[in-house]
Amino acid sequence: MEELDKIKKEINSASDLKELDGIYKKYLGKKGEVALALRSIGDLSEREKKERAPQLQSLKKEIEEEVLKRSSELKSSGAEEALRGEWLDVTAPGKKAELGHLHPLTQIQQKVNEIFSSLGFEIVEGPELETEWYNFDALNIPKDHPSRDIWDTFWMQDKELLLRTHTSPVQIRHMEKHQPPIRIIAPGRVFRHEASDASHDIQFYQLEGLMVDKDMSVANFKAVINEFLSQLFGENVKIRLRPSFFPFVEPGFEVDMYGPKGWMEMLGAGMVHPNVFKAAGYNPVNWQGFAFGIGLDRIAMMKYKIDDIRLLYSGDLRFLKQF
Amino acid sequence: MKFSYNWLQSFFSESLPEPEKLAELLTMHSFEVEEVEKKDEDHILAIDILPNRAHDCLSHLGVAKEIAALTDSKLKNPSPGLARLGRESKKLLQVDIQDKSLCPRYTAYVVEGVKIADSPEWIKERLASMNQKPISNIVDITNYIMWELGQPLHAFDFDKINGANMNIRLAKQGEKLETLDGAAHDLGADAIIIEDESRIIDLAGIKGGANTQIDSSTKTIIFQAAIFDAARIRKAAQKLGIKTDAAVRYMHGFDQNLPPQALERAIELLRETNPKVKIVQKIDIYPSPQKSKKIAIDTRYVNSLLGTDISKKKMKQILEKLGFGLTSLTGGFKIKDLGFKFTVAVPAYRLDIDAAQDVIEEIGRIYGYENIKPIAPQGTLAVPRRNEQVFWRSRARDILSGFGFSEVYNYSMIPKSQEEDYAFPLLELTNPISDEFQYLRPWLMHGVLKNIASNKKYFEAIKLFEIGRVFFQEGEDIIEEENFIFALTGKENAANGFYEVKGYADEFLKKLGINDFYFDPTFSEEDEKYHGLLLHPARRAIIRADNNFVGFVGEVHPDILSKFGVEGKVYCAEFNFDKISAAAEEEHIYQKPSKYPEVVRDIAVLVPRGTMVVEALNAINSVSGPLLRDIDLFDMFEGENLPEGMKNLAFHLIFQSDKKTLTSQEVDEIMSKITKVLEENLWEVR
């Protein structure tokens, strides 16, 4: 079979389809060697015929297979060649997609909502324009009392109305209409009449939480707030409670979280004051609860390393488009 | 308030923990220590005394008592034994109080044989640590006592008091006083004053009068230690704009047992420079002594609220360290007598303890909140109800950011200057922070226009959206609503801009499942009043669903844009989001596509320019029947090749049946009906 090997070599040396076609014709074309040999088989003796015919048939088959194989090899590399001609510079910039952006406060709010929803908290909202009663009196902050001085308030020309200084009124409104157990968060915009600077503005977003049940305790609060802060900051946080004062809770505390700069004040909290339960229509003897409040602007500033709170209300697209 | 470490140490014989360590203890159990600063031989602790402890802890003794409870150290009492009176007590001074509510306790010593001199060094040092300038022995003592005990003291030169007579009353409108610092004050009707026979000599509780001040010739003095009505002091200090350290203490009130203790201490100190002074008169007007308080405590409630298992022995320990006396209900002192219930006697100097939860805080904070182990709350597994407004708001935001808009948050207030852009009254703040924040916003549009104006420097094409509360007055009612706005700019061809914002408005509503709405170019009188001034009069529409206002869309009025300094055009759509979220639908109903082919026919009609597309659509729909699935306006133009004042509208009409393949003939029949009705309107069909 050196014949066959020689032919195979020849076939595989074809560098393009045209050349291959020529080689095919040389052997199996109308005037091809093998074809001619096959046709002239009739001239041979019976014995010679019996020997030569299968040989030639098998040769023909081998040649055809080899040519097919070589042909498909050439086709794919030929296609490859063509494709390689269609080169693009892949390091040039891609087309800018027209992206929309959610405000960083929206993103923080959504994350916080998710965390509390997964803990079984309902999200409740209330008016920004509030009455004095819901914003102060119901929360154990009576008129002409020094504790009112803690909040600098925006008053409307209609003196009974003000821009709420915290979202605590929402808790009262909710308790008035629902029986315990209560598990809610009340997020929203709040207002303070103070000079704006890099860390304070006349408006910001607050989130308050409230859990009321038969025997809600400080220990329960610790567990819940630990869970919340860990999920928010994505790791096991180290917290501490220390004594503080707010008229609507007793005991009252500040919760600090440990960070790279040491202990940072995160939120105010405490056990709901009996006077607040009374204002909401609950009998304080039967119920215990905790409440807490945290500033979302501050969380956004911490998480995204924003250095000036006023950027959040500036409408500056160079800032907003980064989120 | 700033505290001297050495001064605090002076209350104890044992050494206190190092300043930093002490600061940590106080922060964790009493008040936050913001800073510990070394100052010469001393350390100054800046302690943030909580508002509800201002009545007892704005003094070194007060904080020393806290420290005693925290360190188990015993307090030395800075108050001496009884001072000795002079040979005989004389009646030199007459004090009258008009209304005992103004001054619940008035205590004073008249002291003879005074020699004005410098205070001893150690007193000067202590005052220096409080940043108080030393003046003379008498004046320094009054300040010293305030910092040490929390009782403000005032000293009068007895000989300057006309008629040896003092009357305490409220000031009358128009009365004046020149105070020690040389400032003249117009006293108001809330100020408590002391007058002698002929003039006012003291703005009680706030500042002394210049006319009776101590000077180098003073020989006889009155040391005054009193309790004045807290609410009035607070009001007067606010009105007059003078908030002295004395006033701050009076505003919060304090232990009514303090005045005589303060006077005793003052005499003790005075004897250092003036060993021979004589107290010749002691005055104490105290008609209604402070009542002691008793509170019933149940140990089970304490542990329930804190989530702890503190033994009653431990509770007793803590409370006794804090100066609370415990008794069982039957009066015994033994632990086993206490059972679950006991009574505490509140120390006189704690005005903040009124009820059980106040006592529980005392137990909890001294026990240490760090010792409370977190316990996950037990409760029924109830899936919280979804807040619909929050849900739709989130959806709406996703839709707009999907369209390529960026979200902004603006202030809820708008400038005074914008009042004229509205034809209805705005809600005004009594105490705005400035003119820029005078009114509450009735629409979101102004905030967004302000944003566009400032972003124009950096961006050509701007797409913004905002969702937030707006406020306005409707008759007697004050309304607060949630609105949603999106706006775009950068499209100079007005038609492109308008139809783009309209397209977004259309898709926005549909994506929220609202399909039943239309764009109404007709503005009623009320529409004009509330929305008219903001939009270009010929390029605006009200969006109505169920015939109710749901929002508006349009090109912003050029006058408004020029006010904001915005060049070019701005297109916006603003919605009442409360109405949108009420109408929004989440459910989709799958419509099976027909298996029979569509037949599309085009039709063009020449109409006068003022004819609205909706008129042609209505005409076509009136005769076409259900087989006309969709009408798609694919071209709208005027210009050359068309007659003057006319425009060409071209539609794809898409016919389809669910039941069979439509024949050409069937479609032709409908087309000729359509052609007929269009021609009846005097429009030329092409």
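Read the figures in this text as sums done on the coordinates, not as results from a lab. On a predicted model such as this, the values are computed, not experimentally measured, just so you know. Neighbour counts run over all protein chains shown; Cβ positions are idealised from the backbone, glycine included.
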Please go through segment A:221-321 and write out the GluC sites (Glu not before Pro) that DSSP classes as loop and that have at most 14 other C-beta atoms within 10 Å. A:GLU235
For B:TYR499, B:TYR571, which order do you get if you count the other beta carbons within 10 Å of each Cβ and list the fewest first? B:TYR499, B:TYR571
Sorting A:VAL276, B:LEU177, B:SER15 by the position of each Cα along the dipole of the protein assembly as shown (Lys, Arg +1; Asp, Glu -1; all at Cβ), the one nearest the positive end of that ordering is B:SER15
When a/c is below 1.5 the answer is rounded, else prolate if a/b is larger than b/c, else oblate, so apply that to segment A:150-242 with a ≥ b ≥ c taken from the square roots of the Cα gyration tensor eigenvalues. oblate
Roughly how many Å is it from the Cα centre of segment B:472-549 to that of segment B:261-310, as a whole number? 68 Å
What order do you get for A:266-279, B:25-38, B:584-597, B:616-629 when each peptide is scored by the mean count of other beta carbon atoms within 10 Å, highest first? A:266-279, B:25-38, B:616-629, B:584-597
Against the longest alpha carbon principal axis of chain B, how many degrees, from 0 to 90 and to the nearest 10, is the axis of helix B:19-29 turned? 60 degrees
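Can you tell me the convex hull volume per residue for chain B, based on C-alpha atoms, in Å³ to the nearest whole number?
On the way: hull volume 178.9 nm³, N = 686.
Given the Cα convex hull of chain B, per-residue volume reads 261 Å³.
When the dipole is taken about the Cα centre of the protein assembly as shown, and only Lys, Arg (+1) and Asp, Glu (-1) are charged at their Cβ, what size is it in debye, to the nearest 20?
On the way: 129 positive and 156 negative charges, 699 e Å.
Here the size comes out at about 3360 debye.
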For the pair A:GLU176/B:ASP99, report the inter-label distance in nm, with labels modelled 7 Å from Cα in the Cβ direction. 3.4 nm
Using the alpha-carbon centroid of each, what span in Å lies between segment A:261-278 and segment B:98-162? 39 Å
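So for chain A, Kirkwood radius off the Cα pairs, Stokes-Einstein at 25 °C and 0.890 mPa s: how many µm² s⁻¹? Walk me through the numbers on the way to the answer.
Values: Rh = 26.5 Å.
Diffusion coefficient, whole number: 93 µm²/s.
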Using 30 Å as the Cα-Cα cut-off, could you pick out the over-long pairs in A:LYS9/A:LYS30; B:LYS65/B:LYS282; B:LYS456/B:LYS647? B:LYS456/B:LYS647
Could you give the angle, 0 to 90 degrees to the nearest 10, between helix B:312-321's Cα long axis and the longest principal axis of the Cα atoms of chain B? 70 degrees
Sort B:VAL667, A:VAL90, B:VAL448 by Cβ crowding within 10 Å, fewest neighbours at the top. A:VAL90, B:VAL667, B:VAL448
Say R0 is 22 Å: what FRET efficiency, to the nearest 0.05, do B:ASP546 and B:LYS511 get from their beta-carbon distance? 0.75
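What Kirkwood Rh does the protein assembly as shown have if only Cα atoms enter the pairwise 1/r average? Answer in Å. Don't jump to the answer; show the numbers that get you there.
Working: mean 1/r = 0.0275 Å⁻¹.
Kirkwood hydrodynamic radius for the protein assembly as shown: 36.4 Å.
Which order results if B:HIS252, A:HIS145 are arranged by neighbouring Cβ count within 10 Å, fewest first?
Values: B:HIS252 22, A:HIS145 15.
In order of increasing Cβ crowding within 10 Å: A:HIS145, B:HIS252.
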Tell me, what HN-Hα J-couplings in whole Hz come from the Karplus equation 6.51 cos²θ - 1.76 cosθ + 1.60 at θ = phi - 60° for each residue of segment B:52-62, using x for Gly and Pro? 7, 10, 5, 6, 10, 10, 8, 7, 5, 5, x
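Quick check on the protein assembly as shown: helices-only [θ] at 222 nm, where DSSP H runs of length 4 and up contribute -39,500 (n - 2.57) each and the sum goes over total residues. Nearest 500, please. Intermediate values should be presented prior to the final figure.
Details: 32 runs with 351 residues, N = 1009.
Counting only the DSSP helices, I get -10500 deg cm²/dmol.
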Gain in span if fully extended, B:SER622 to B:LYS660, counting 0.36 nm per residue against the direct Cα distance: 11.4 nm
Compute the long axis of helix B:258-273 from its Cα atoms, compare it with the longest principal axis of the Cα atoms of chain B, and write down the angle in degrees, 0 to 90, nearest 10. 60 degrees
